[in-house]
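Quick note: the coordinates plus some simple rules give every number you see, no bench work behind them. Bear in mind that the values here come from a model prediction, so they are computed numbers and not experimental data. Note that we place each Cβ from the backbone using ideal geometry, even for glycine, and neighbour counts take in every protein chain shown.
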Amino acid sequence: MDIELQTFTVNKHFPLTISRGTTKQTTNLWLKLHHEGITGWGEASSFGMDGVRYTAESLQKELSSIATQLHNFTPWQHQSLQEDLAKPSDHNLLSNPAKAALDTALHDWLGKALGVPLWQLWGLDLEKIVPISATIGINTPAAAVARYQGWLPITGGKMLKVKLGNPQGIKADQEMLRAIRQAAPDSALMVDANGGWSLIDALFMGDWLANQGVLYIEQPLPRGQEKDLPQLFARSPLPIFADESCWTSQDILPLSDRVHGINIKLMKAGGLREVWQMIHTARSLGLQIMFGCYSDSILANTAMAQLSSLADYLDLDSHLNLVNDPFQGAELIAGRLIPTSVPGLGVTKNSSK
Ligand SMILES: [Mg+2]
């Protein structure tokens, strides 16, 4: 098989601020895998954590370095390919977002070769897909309410993921959350602190947010501070989800005595195979499951939508905030992101963009 790589830049309608900073625009990478006249698509989106930044350029370089190696395999040889890519050699091992692009394209190819959408191949029930939540970034209370109102015609605004961990402190978090609660008294509110709190802040905010009717707290403490999670877990009136602290299935067991659930993302996991593994690992340990995204286009979110009937919460809204998404895929129907009946991922590229 052959691959073709291209970077693309997407702009956000509304810049998104989280505890670590603001994003207005991102450059991602798409991967086209060609074999026997069928083309599979995958995406690697850029993101940064702990001082490491995966850029479209670095991801393109990584994937270019294995292009020749891929000639020796067909898309049916996923296991052998995976083993070959894991061998130490003169090129760097692929990072998880680079793996995600390749794995997604392989899955798209398989679905297309078999003529079925992936969700159907896996026998999944689309009726079980819950509504996606809409993200409200860190902002002034008035701007956060305006952002909520902006979501109303798109998702209905019934499920809101509110970003807290404001660098100005928990007073600013409380003011923003209070304003959103007042504007949206009937909406389900979920909170993601993106590791922006200290243990003391998190203990206090857990109680306070429970009184505001919030459903859960995601990543209250910074990645690396997992040793403090048991204290929070023992006292928290709300379920705690790990995001930044949980990349792959190997991270789940050590977290299983200190969180109630995990946020699975295609880019952290490194592809749909690992997403499956994470789902099974988490369920076997009694954990809840959320799917999330970075600044992914609808390509990556549609890949996750194929499996989304297996998740308790779905935060797959990044593409809805893009001005110029080059792709089309899963459809937003009454607030739920539903994959289509088109074989593979069911993603097509817009010809005009
Ligand atoms: Mg998160």
Could you go through segment 35-45 in sequence order and give the Karplus-derived ³J(HN,Hα) for each residue, using 6.51 cos²θ - 1.76 cosθ + 1.60 with θ = phi - 60°, rounded to whole Hz, and x for Gly and Pro? 7, 6, x, 10, 10, x, 10, x, 9, 10, 9
Residues with amide H under 5 Å from that of residue 291, placed H, sequence gap 5 or more: 264, 313, 314, 315
Under 14 Å, Cβ to Cβ, from residue 134 - net charge with Lys/Arg +1 and Asp/Glu -1: +3
Whole-Hz couplings from phi, Karplus 6.51/-1.76/1.60, listed for segment 143-160; x for Gly and Pro: 5, 5, 5, 4, 5, 4, 5, x, 6, 3, x, 8, 10, x, x, 7, 10, 10
Let a ≥ b ≥ c be the square roots of the eigenvalues of the Cα gyration tensor of the chain; is it rounded (a/c under 1.5), or, if not, prolate (a/b larger than b/c) or oblate? prolate
What is segment 66-198's relative contact order, in percent, from Cα pairs under 8 angstrom and six or more apart in sequence? 18 percent
Sequence-separation-based contact order of the chain, relative, with Cα cut under 8 Å and 6+ spacing, percent: 19 percent
Residues in segment 200-238, backbone N under 17 Å from the label point at residue 50 (7 Å along the Cα-to-beta-carbon vector): list them, ranges by number please. 219-229
Can you grab the distance from the C-alpha centre of segment 45-108 to the C-alpha centre of segment 322-351, Å, no decimals? 24 Å
Each residue of segment 231-244 in turn: what ³J(HN,Hα) in whole Hz from Karplus with 6.51, -1.76, 1.60 and θ = phi - 60°, glycine and Pro shown as x? 4, 6, 4, 5, 10, 5, x, 10, x, 10, 10, 9, 10, 4
How large is the helix-only mean residue ellipticity at 222 nm for the chain, computed as the sum of -39500 (n - 2.57) over DSSP H runs with n ≥ 4, divided by its residue count, in deg cm²/dmol to the nearest 500? -10000 deg cm²/dmol
Amide H within-cut-off set for residue 136, under 5 Å, with H built and near neighbours excluded: 161, 162, 163
Take peptides 212-218, 333-339 and line them up by average Cβ neighbours within 10 Å, highest first, as a rough protection proxy. 212-218, 333-339
Set of lysines near residue 265 by C-alpha distance (under 18 Å), chain-local residues within fewer than 8 positions excluded: 99, 161, 163
Quick one: of 128/268; 171/268; 32/128, which pairs are farther than 27 Å apart, Cα to Cα? 171/268; 32/128
Residue 198 versus residue 4, label points 7 Å from Cα toward the beta carbon: distance in nm? 5.5 nm
If every Lys and Arg gets +1 and every Asp and Glu gets -1 at its Cβ, then about the Cα centre segment 120-349 yields a dipole, in debye to the nearest 20, of 120 debye
I need the shape label for segment 51-184. Rule: rounded when a/c is under 1.5, else prolate if a/b > b/c, else oblate, with a, b, c from the alpha carbon gyration tensor. oblate
Pick out, in residue order, every one of the GluC sites (Glu not before Pro) in segment 1-89 that is DSSP loop and has at most 13 other C-beta atoms within 10 Å; say none if there are none. 36
Could you point to the residue in 236, 67, 37 farthest towards the positive end of the chain's charge dipole, with +1 and -1 charges on the Cβ of Lys/Arg and Asp/Glu respectively? 236
Along the Cα-to-Cβ line of residue 280, 7 Å from the Cα, sits a label point; which residues in segment 224-260 have backbone N less than 17 Å from it? 248-253
